[in-house]
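The values are calculated or read from the model by the stated rules, or taken from the named source; none is laboratory data. Only a predicted model underlies this, so the values are computations on that prediction, with no experimental measurement involved. Every residue, glycine among them, receives a Cβ derived from its backbone with ideal geometry; neighbour counts consider all protein chains shown. Just so you know, the surface numbers come from the protein's heavy atoms only, side chains and all, with ligands and any DNA or RNA stripped out. Shrake-Rupley method; radii C 1.70, N 1.55, O 1.52, S 1.80 Å.
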Amino acid sequence: MRDGGPLGLAGLALLLMAAGAGARPRPAAPGGQPRSNVVLVACDSLDGRLTFLPGNQTVDLPSINFMKRHGTVFLNAYTNSPICCPSRAAMWSGLFTHLTESWNNFKGLDPDYVTWMDIMEKHGYHAQKFGKLDFTSGHHSVSNRVEAWTRDVDFMLRQEGRPMVKLTGHRKQFRVMETDWQNTDKAVNWIKEEAVNFTQPFILYLGLNLPHPYPSPYAGENFGSSTFLTSLYWLEKVNYDAIKIPKWSSLSEMHPVDYYSSYTKNCTGDFTKEEVRNIRAFYYAMCAETDAMLGEIISALRDTGLLGKTIIIFTADHGELAMEHRQFYKMSMYEGSSHVPLLVMGPGLREQQEIPNVVSLVDIYPTMLDIARIPVPQNLSGYSLIPLLREKAESKASPREPRPSWVLSEFHGCNVNSSVYMLRTGKWKYITYSDGSSVPPQLFDLTADPDELTNLAIKFPVTVHSLDKILRSIVNYPKVSSSVQEYNKQSFISWKQSLGHNYSSIIANLRWHQDWLKDQKKYENAIDKWL
């Protein structure tokens, strides 16, 4: 921070000038040149389309723009599962969701799983983590896991509060998400007080909660998170005139899975254009606050002379629909939910580069090892981004077959009543469900239809067949869907048995309590029938 305020454009413009000064030299790894430090800033729920035109016209994001000027932005980066824990499990393991069986926010990696950070630490890197991690099993609310386990039950219950906005603080208040600011402060202090003295390279991770919506206390057990909250300070960074009001299909025309998602997210009611515009504006303001935290990290590296010796990566676990397709939150393969930001800058990497290749979060793991000059395991789902980022072609630490022309995302959690699989390649996005036949697939031409309003699956059956064949060569998705269904049922049975006589009371008072309590017997019978 500069005098208590976020880093401004003028400050960012100076960052590279002193980048090489003030830091101690560090020993080189085998191969001559010193290994770069690495900083990964991973936020929660930032729509990747805000990092390039035309999306970036809606809000002022100076730190992201700085990274674009001095580094690379990936135009087609995707989450491997559009929900917190499974997405992060993919990022920290380098493996697709079905390989680690990270099915929902309760089921992620084992606590002792060996991540890329563990390996870098074993190879001489100083390692430090601050803030949100959320890639191991056992976390999130009871509601969250029960909603995922019971998604195959023949009922629909509202599981979230209605999305809303809330203004807080005063015009000059910029520290709205205090927990994130405290973690950012810790990271900044660590850079200035510890990292500057290292003689070996370091890897620093900062995990942010923003721009994830805030809890809505009226929404029941452990609350839903349906409140978009910010201050006037950040709201003034938003260009209201550039906010696009999304087009909605009528409820009767919605894809059946979309309707289930919209209903359980409490979005099937009436919303005025002003309500939708405000939800989107407040969300963009929360993105601006996130950007300022990234700026603090860049500034700290500049102040310590470490900027020119450090590779910075900025990304998110998934996006935010912000009322597109009549939904908020994530849990969807639509662009607002599945498209993530990915920006990289640092020594020896291309500047002012926009890369159109499809990439995904499983690529973080091999990229980290590549930066550290550690051989990359051949069994990873991801591929190093370094060949796309380097100014000059170099011999790779681990030669491997060429990067594929597709990315895979899958979803098995709450608010969606089916396992979902998305293949993104070229101009196409192919989405299929469950066993591939019981739920109609979707096909979108993102070049002609970037808002994904026209499902072309019936019109182009040959393309659907071709893309489905590629998908089945990557994952036997009907088998995976069946495994998830069995996991859900067994997990629910174990949970129910653990509650004994308290079962009826506890299940009635989860986040869906407003609907459940209207007819408890009906919903308990539906579960019994499912079991």
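Label-to-label distance, Trp495 versus Phe271, with points set 7 angstrom from Cα along the beta-carbon direction: 2.6 nm. Projecting the Cα atoms of Tyr365, Leu471, Pro82 onto the charge dipole of the chain, computed from C-beta unit charges around the Cα centre, puts Tyr365 farthest toward the positive end. Near Lys107, once Lys and Arg are set to +1 and Asp and Glu to -1 for all other residues with Cβ below 15 Å from its Cβ, the sum equals -2.
In the chain, if the dipole is taken from +1 on Lys/Arg beta carbons and -1 on Asp/Glu beta carbons about the Cα centre, which of Ile386, Met254, Asn455 is farthest to the positive end? Ranked along the dipole, the leading option is Ile386.
Under 5 Å from the amide H of Leu342 lie the amide H atoms of Phe74, each residue being 5 or more positions distant or on a separate chain, with H modelled from the backbone and absent for Pro and chain starts.
Quick check: the distance between the Cα centres of region 184-205 and region 317-353, to the nearest angstrom? Spelled out, the Cα-based centre of one part sits 27 Å from the other.
Between the amide H of Leu210 and those of Asp44, distances stay under 5 Å, these residues lying 5 or more places away or on another chain, with hydrogens modeled in the peptide plane.
Dividing the C-alpha radius of gyration of region 474-523 by 2.2 N^0.38 Å, with N its residue count, gives 1.52. Each Lys or Arg adds one and each Asp or Glu takes one away; over the other residues whose Cβ falls under 11 Å from the Cβ of Tyr503, this sums to 0.
Rank-order 173-181, 446-454, 98-106 by packing density, defined as the average count of other C-beta atoms within 10 Å over each peptide's residues, highest first. Could you put the intermediate results ahead of the total?
Working: 173-181: 17.0, 446-454: 13.1, 98-106: 23.9.
Put in order of decreasing packing, that is 98-106, 173-181, 446-454.
The charge dipole of the chain, taken about its Cα centre with unit charges on the Cβ of Lys, Arg, Asp and Glu (plus for the first two, minus for the last two), comes to roughly 600 debye. Ligands, DNA and RNA left out, the accessible area of the chain computed with a 1.4 Å probe is 52% carbon and sulfur.
Partners of Lys459 within straight-line reach, counting lysines whose Cα lies under 17 Å from its Cα and excluding those fewer than 8 residues away in the same chain: Lys427, Lys429. With protein chains left intact and a 1.4 Å probe, residues in the chain average 39 Å² of accessible area per residue.
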